[in-house]
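For reference, the structure is listed below as structure tokens.
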Amino acid sequence: MKYDWFTAKFSANYQNKGETNSFDGQLRICRDSVIWLSFSPLLGIEVFRIIITVDSVKFINRINNTYFIGDYDYVNKFLNTNIDFDILQSFLIGNDLSFYEDGKFRASLDGNQYKLSTAERGKLKKFVRNSQEPLTILIQNIWIDPETFKITRADVKEIRKPNIKLEANYSGFEKVDGQLFPKHVSFDISADKNIQCSIVFSRINITTPQPFPFKIPLNYRQVK
């Protein structure tokens, strides 16, 4: 999907360690810049707000009056993986990764879909801010519908961590301003903590700029 701005409401089911939680929320994206999420599991009352940029992660927890300001180390320690902004942005709405080398994809047929596979896909050098950081090299598979050429499934794992995989499935495609968008998305993270999440989007808009409000109340306590 081509867009500069993206906003939608969503309903989601989240499974972790045998427990299932349901919640509603809002998602806003300024392409390649900001991801903003608001979670409201009960009566429309917000309990979490998250704002993610290329190099930072911040959230407010209104349940226990705390907030966090940090980087992707927090997310990656929780998931035991190596996720960055581009992976999050791309997987949320079913696009290919933006800032990774094209590499050499191997094409094949898998059932009635095209499958593209790559053995090594490295981060583009101009987007690696610190040359001392280890370069993320990904193994990626993408399944494409032969009629719409939309991604219906994708998975990615890092060469250094082959037992950890992020997989996404996309369905329920509907037109939004002339473009097909998957309204049903499911994620499966295979790691030390196996996590499943299914999302249904509604009220999708890709033309209207949106604000990203994030104000920490003075009485909130910072957590690390």
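Convex hull volume per residue, computed on the Cα atoms of the range 139-193, equals 80 Å³.
For I195 and S117, the difference between the fully extended length at 0.36 nm per residue and the C-alpha to C-alpha distance is 25.7 nm.
When I216, I83 are compared by accessible surface with a 1.4 Å probe, the order from highest to lowest is I216, I83.
Relative to the present Cα-Cα distance, how much length would full extension add between V47 and R203 at 0.36 nm per residue of separation?
Details: separation 156, 0.36 × 156 = 56.16 nm, distance 2.12 nm.
Result for the pair: 54.0 nm of gain on full extension.
For the range 1-69, the dipole from Cβ point charges (+1 on Lys and Arg, -1 on Asp and Glu) about the Cα centre works out to 40 debye, to the nearest 20.
Apolar share of the accessible surface for the range 1-97: 52 percent from carbon plus sulfur atoms, 1.4 Å probe. The L109 and D55 beta-carbon pair, evaluated with R₀ = 41 Å, returns a calculated FRET efficiency of approximately 0.55.
The Rg/Rh ratio of the range 169-224, with Rg taken over Cα atoms and Rh as the Kirkwood radius over Cα pairs, comes to 1.15.
The values are calculated or read from the model by the stated rules, or taken from the named source; none is laboratory data. Note that the structure is a prediction, hence the values are computed from the model and not measured. Every residue, glycine among them, receives a Cβ derived from its backbone with ideal geometry; neighbour counts consider all protein chains shown. Remember, those area values only see protein heavy atoms, side chains included, never the ligands or the DNA or RNA. Shrake-Rupley method; radii C 1.70, N 1.55, O 1.52, S 1.80 Å.
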